[in-house]
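**Student:** One structure follows; several queries about it will come next.
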Amino acid sequence: MPEKTDVEALLLSGRTVQLKPQGYSMYPLIVPGRDEAIISPADVSKLRRGDVILYRRDSGILVLHRIWKVRDGFYMVGDNQKEIEGPLSAEHIKGVLTGFVRKGKRVSVKNPAYVILSRIWLIMRPLRPAVSKTAASIKRLFKKVNG
């Protein structure tokens with residue numbers, strides 16, 4: 001097992017950490033280079049479908065993904081992915097997303113708009129690639145028209 005990172009050590013000591021995730025696996029929730037994730041220590045017994053957790057893969061990589069289901073372990077999926085990973089054990093889990101910072105504004109995962117949108121996005125898992133591709137095309141079109 002790889003050595004614990006500073007992030008893991010802080011979470012183990014009960015601290016909350018704020019970090020800038022890299023990659024697009026959690027897009028559109030987390031936009032790399034713009035958003036920051038607020039991660040708190042996790043009580044594994046309270047984690048449920050839809051929660052976003054920080055976990056360490058057996059390969060050593062720290063990953064921030066959403067819980068697809070909890071059954072004989074945790075099954076995970078990125079918001080910009082449709083493939084499910086798992087099962088993961090409680091030992092893999094390092095923390096839970098409690099909020100994020102977007103354009104300087106802090107948003108709690110308890111925010112009603114976030115709760116509704118994240119539930120809808122979770123249900124839409126099989127359609128995500130098509131939805132993401134369409135949204136990106138529309139965004140490019142608006143940029144072209146406006147500027």
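The values are calculated or read from the model by the stated rules, or taken from the named source; none is laboratory data. What you are looking at is a predicted structure, and each value in this text was computed from that prediction instead of being measured. Glycine also receives a Cβ, built like all others from the backbone with ideal geometry; neighbour counts cover every protein chain displayed.
**Student:** Given the residues VAL96, VAL101, which is the only one that is part of a strand (DSSP E or B), modelled with pLDDT of 95 or more, surrounded by fewer than 20 Cβ atoms within 10 Å (Cβ to Cβ) and among the β-branched types (Val, Ile, Thr)?
**Tutor:** VAL101
**Student:** Right, next: For region 29-47, which residues satisfy the criterion of being in a loop (DSSP other than H, G, I, E, B), aliphatic (A, V, I, L, M) and within 19 Å of ARG102 (Cβ to Cβ)?
**Tutor:** Correct list: LEU29, ILE30, VAL31.
**Student:** List pairs: first residue in region 116-142 and closer than 18 Å to ILE84 by Cβ and part of a helix (DSSP H, G or I), second residue of a type in the set (Gly, Ala, Ser) and modelled with pLDDT of 80 or more anywhere in the structure, Cβ distance under 8 angstrom, at least six positions apart or on different chains.
**Tutor:** Hits for this filter: SER118/GLY50; ARG119/GLY50; LEU122/GLY50.
**Student:** Can you give me the number of residues within region 58-73 that are over 18 Å from ALA37 (Cβ atoms) and without any contact (Cβ under 8 Å) to a residue 40 or more places away in the chain?
**Tutor:** Result for region 58-73: 7.
**Student:** Something else: Evaluate region 27-39: report whether one residue or more is more than 16 Å from the chain's Cα centre (by Cα) and of a type in the set (Asp, Glu).
**Tutor:** The answer is no; no qualifying residue exists.
**Student:** Residue by residue through region 1-23, note down the ones that are in a loop (DSSP other than H, G, I, E, B) and modelled with pLDDT of 90 or more.
**Tutor:** Matches in region 1-23: SER13, GLY14, ARG15, THR16, LYS20, PRO21, GLN22, GLY23.
**Student:** Hey, does region 6-22 have a residue that's touching a residue at least 12 places away in the same chain (Cβ under 8 Å), under 22 Å from GLY86 (Cα atoms) and among the hydroxyl-bearing types (Ser, Thr, Tyr)?
**Tutor:** Among the residues of region 6-22, not one is touching a residue at least 12 places away in the same chain (Cβ under 8 Å), under 22 Å from GLY86 (Cα atoms) and among the hydroxyl-bearing types (Ser, Thr, Tyr), which makes the answer no.
**Student:** Another question about this same structure. Before we move on, is GLU8 crowded, with 16+ Cβ neighbours inside 10 Å, more than 14 Å from the chain's Cα centre (by Cα) and not aliphatic (A, V, I, L, M)?
**Tutor:** Against the criterion (crowded, with 16+ Cβ neighbours inside 10 Å, more than 14 Å from the chain's Cα centre (by Cα) and not aliphatic (A, V, I, L, M)), GLU8 qualifies.
Conditions (1) surrounded by fewer than 17 Cβ atoms within 10 Å (Cβ to Cβ); (2) modelled with pLDDT of 95 or more; (3) part of a strand (DSSP E or B); (4) not basic (Lys, Arg), marked per residue:
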{"position": "ARG49", "(1), (2), (3), (4)": "yes, yes, no, no"}
{"position": "ILE53", "(1), (2), (3), (4)": "no, yes, yes, yes"}
{"position": "MET76", "(1), (2), (3), (4)": "no, yes, yes, yes"}
{"position": "GLN81", "(1), (2), (3), (4)": "no, no, no, yes"}
